[in-house]
Amino acid sequence: MNTLNDFNFKNKKVLVRIDLNSDYVNKKIILNQRYKASSITIKELKKKKAKIILLAHQGRPKQRDFTSLEQHCKLLNKFVKVKFIDDIIGEKAIEAINNLKNGDVILLDNIRKLKDEFKGNFSNKFVRTLSKITDIYVNDAFSVSHRKQASVVGFPKVMKHCIGRTMEKELRYLSKLRLRNALFILGGAKPEDNIELLNNRRRILSCGLFGQLCRISTGVNFGAQNKFLKKKIGIVKKNKLKNVEMPMDFAVRVNGKRKELLLSDFPSKYEIFDIGEITIKRYKEEIKKAEVVFMKGPAGECAMKPFCKGTREILKAISRGKCFSIIGGGHLSDAAAKLGIRKIDHISLSGGALLEFVAGKKLPGVEALK
């Protein structure tokens, strides 16, 4: 697979697929780590005197967060100078591309405004228009490479292509998770995302809502928590849990304070917000023995300080250990930053693509670049 090392970019118009998809609160785009990560490839291409055209998206049509990329451009300018173009394949965009000078960078508008983006072929107007006036395609968005969309799989079919530095780093580090001795710590608020990673080859420590559902699948009745998880009960099958270790105690909220309960103390009228001390100690012992550790999602409700204990202690154990470490998921990445956890080998900025890759699936966007 080609990288930025394999081309001379001087005087070349370079089409770069990046991922700036962000949280959208009160009509405001929230800055995240993807902006800084994307700027690494952009800055390198600028130094190599390329003429750079950025492709990115925000949300999906008809959804609340589906908006233009004007705010994204302002945030990206915190790291590298970029000009926003309120167009994609119209006259305004074509003129802006043709007028680029070496080192210039433009960001076209939300490519999901085009129906052609959802057609993964290379014969649609979107791909035809931009491929004719640009020279090289760069995919620096591993996080969308599980999609069969034009900006991901269409351009590589008709253009010289390579991967950017962010994607190169993701692929290099994530390949280590396919080793047999890797330990997976799976938590977070989306337990359904973890199902793909359940197989007999992986050693898994469960926490978050996922850990609770694992226990429920073995017949545990938590009481109030069972009602809270009613719609999700059943997504974890008992016969899939051969190598999954489950929490032995939990922390509930009583009058705003943390109280720990053993499994024998349930059912309870209180909802669960974290794993307990016994489980934390047990999981830290497993982390000490591991050569590679992957953690996805927090162990508890980190927005509430008393219930960030499980996440904090596990992240500390990972950072202090001798293991090669990767963490994934926006909430866990935010928690690590907030807690001041620095010694993590790689923080993945991907969601669905990360899980599919680790599960052994082929990603269309990666395959198109081979």
Checking L261 against (1) more than 26 Å from the chain's Cα centre (by Cα); (2) closer than 22 Å to L355 by Cβ; (3) not in a helix (DSSP H, G or I), only one condition comes out false. Which one? (2)
When you check L55 against the structure, is it closer than 21 Å to D86 by Cβ, modelled with pLDDT of 95 or more and out of contact with any Phe, Trp or Tyr (no Cβ under 8 Å at 6 or more places or on another chain), yes or no? yes
Quick one: would you say K269 is exposed (fewer than 15 other Cβ atoms within 10 Å of the Cβ), assigned by TED's automatic domain parsing to the domain that holds F184, over 29 Å from the mean Cα position of the chain (by Cα) and in contact (Cβ under 8 Å) with a residue 24 or more places away in the chain? yes
Answer yes or no: is there a residue in the stretch 228-241 that is surrounded by 15 or more Cβ atoms within 10 Å (Cβ to Cβ), touching a residue at least 40 places away in the same chain (Cβ under 8 Å) and under 16 Å from K309 (Cα atoms). no
Within the stretch 137-168, tally of residues that are among the aliphatic types (A, V, I, L, M), over 24 Å from R60 (Cβ atoms) and surrounded by fewer than 24 Cβ atoms within 10 Å (Cβ to Cβ): 2
Which of the residues spanning the stretch 276-301 are in contact with a Leu (Cβ under 8 Å, 6 or more places away or on another chain), among the β-branched types (V, I, T), in a helix (DSSP H, G or I) and within 12 Å of I185 (Cβ to Cβ)? I287
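Given the condition in the same structural domain as A50 (by TED's automatic domain parsing), in a strand (DSSP E or B) and without any contact (Cβ under 8 Å) to a residue 60 or more places away in the chain, answer yes or no: does some residue in the stretch 108-118 qualify?
Residues of the stretch 108-118 that are in the same structural domain as A50 (by TED's automatic domain parsing), as a first pass: 108-118.
Right, trim to in a strand (DSSP E or B) and you get 108.
Still in the list and also without any contact (Cβ under 8 Å) to a residue 60 or more places away in the chain: 108.
Yes, the stretch 108-118 has at least one match.
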Is the stretch 27-43 home to any residue that is more than 21 Å from the chain's Cα centre (by Cα) and closer than 18 Å to I97 by Cβ? no
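Just a yes or no: is a residue in the stretch 265-288 of a type in the set (S, T, Y) and either touching a Lys or Arg at 6+ places or on another chain (Cβ under 9 Å) or modelled with pLDDT under 95 (or both)? Step through it out loud before you land on a result.
Within the stretch 265-288, the subset of a type in the set (S, T, Y) is 268, 270, 279, 283.
If we keep only those that are either touching a Lys or Arg at 6+ places or on another chain (Cβ under 9 Å) or modelled with pLDDT under 95 (or both) as well, we get 270.
The answer is yes, given that some residue of the stretch 265-288 is of a type in the set (S, T, Y) and either touching a Lys or Arg at 6+ places or on another chain (Cβ under 9 Å) or modelled with pLDDT under 95 (or both).
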Go through (1) buried (at least 23 other Cβ atoms within 10 Å of the Cβ); (2) in contact with a Phe, Trp or Tyr (Cβ under 6 Å, 6 or more places away or on another chain) one by one and return the number of the condition L75 breaks. (1)
Breaking point among (1) more than 25 Å from K316 (Cα to Cα); (2) touching a helix residue (DSSP H, G or I) at 6+ places or on another chain (Cβ under 8 Å); (3) surrounded by fewer than 17 Cβ atoms within 10 Å (Cβ to Cβ), for A189: (1)
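Within the stretch 353-368, track down each residue that is closer than 16 Å to R17 by Cβ and either in the same structural domain as D193 (by TED's automatic domain parsing) or touching a His at 6+ places or on another chain (Cβ under 6 Å) (or both).
Residues satisfying the conditions are A353, L363.
The values are calculated or read from the model by the stated rules, or taken from the named source; none is laboratory data. Owing to the predicted nature of the structure, the values given are computational and were not obtained by experimental measurement. Cβ sites come from the backbone with ideal geometry, for glycine too, and all protein chains shown count toward neighbours.
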